[in-house]
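S.K.: Mind having a look at this structure? Questions to follow.
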Amino acid sequence: QVQLVESGGGLVQPGGSLRLSCAASGSIFGINIRGWYRQAPGKQRELVATITSGGSTNYADSVKGRFTISRDNAKNTVHLQMNSLKPEDTAVYYCNLYQIGNAYWGQGTQVTVSS
């Protein structure tokens, strides 16, 4: 089993920044994909960004140039640096780990962008 614990959410004004972190523990293999997804009220969960074990990244068009995903393989941790936040970034952000055909999710952390 794999456990994921997110941290770093909160309330921020438009234009501000937040850094989310997700620590993984349990049966983690060296080859995996880490990612962040988000779900706004009344909307489906959507991909925000992913990063492979080798460091290849993928971003949703809506966050390109503003968000940066990174990972520390030694600590089994993934981060999401969010800059220039907009009200439409408000959502619950979920950490994800995908390995050998299984997907694991964190409990989610709320990000609210409002003045």
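S.K.: Taking θ as phi - 60°, what are the ³J(HN,Hα) couplings along the range 96-111 by the Karplus curve (6.51, -1.76, 1.60), each to the nearest whole Hz, with x for Gly and Pro?
M.R.: These are the phi-based 3J(HN,Hα) values: 9, 10, 10, 8, 6, x, 10, 10, 10, 10, x, 7, x, 9, 7, 10 Hz.
S.K.: Let me ask something else. Of GLU88, GLU6, GLU46, which has the most accessible area and how do the rest follow, probe 1.4 Å?
M.R.: Details: GLU88 125, GLU6 15, GLU46 80 Å².
Result of the area sort, largest leading: GLU88, GLU46, GLU6.
S.K.: Calculate how many DSSP beta bridges within the chain are antiparallel, expressed in % of all such bridges and rounded to the nearest 5. Provide the component values of the computation, followed by the final result.
M.R.: Values: 41 of 44 bridges.
Just about 95 percent of them are antiparallel.
S.K.: Give the ranking of ILE33, ILE51, ILE28 by solvent-accessible surface, highest area first, calculated with a 1.4 Å probe. Walk me through the numbers on the way to the answer.
M.R.: Details: ILE33 70, ILE51 10, ILE28 45 Å².
Sorted descending by solvent-accessible area, the residues read ILE33, ILE28, ILE51.
S.K.: Show the residues, 5+ positions off or on another chain, whose built amide H is closer than 5 Å to the amide H of LEU85.
M.R.: GLY15, GLY16
S.K.: Still on this structure, I have one more. Under 23 Å Cα-Cα from LYS43, which lysines qualify once same-chain neighbours fewer than 8 residues away are excluded?
M.R.: LYS64, LYS86
S.K.: Another question, if that's okay. In square angstrom, rounded to the nearest 10, how much accessible surface does ARG34 have for a 1.4 Å probe?
M.R.: Approximately 10 Å² for this residue.
S.K.: Rounded to a whole number, what % of the accessible area of the range 60-105 do carbon and sulfur atoms account for, probe 1.4 Å? Don't jump to the answer; show the numbers that get you there.
M.R.: Working: 1070 of 2260 Å².
That fraction is 48 percent.
S.K.: GNM, the chain, Cα, under 10 Å: largest mean-square fluctuation among SER17, SER70, SER56?
M.R.: Sorting by GNM fluctuation, first place goes to SER56.
S.K.: With θ taken as phi - 60° and the coefficients 6.51, -1.76 and 1.60, list the Karplus ³J(HN,Hα) couplings across the range 76-81 in order, rounded to whole Hz; mark glycine and proline as x.
M.R.: Coupling constants for the range 76-81: 6, 10, 10, 10, 10, 8 Hz.
S.K.: Per residue of the range 24-37, what does 6.51 cos²θ - 1.76 cosθ + 1.60 with θ = phi - 60° give for ³J(HN,Hα)? Whole Hz please, x for Gly and Pro, Karplus curve as stated.
M.R.: Rounded to whole hertz, the list is 10, 9, x, 8, 10, 8, x, 9, 7, 10, 9, x, 10, 10.
The values are calculated or read from the model by the stated rules, or taken from the named source; none is laboratory data. Just so we're clear, the structure is a prediction, and the values are computed from it rather than from any experiment. Quick note on the areas: whole protein, heavy atoms, side chains included, nothing else; ligands and nucleic acids left out. Shrake-Rupley method; radii C 1.70, N 1.55, O 1.52, S 1.80 Å.
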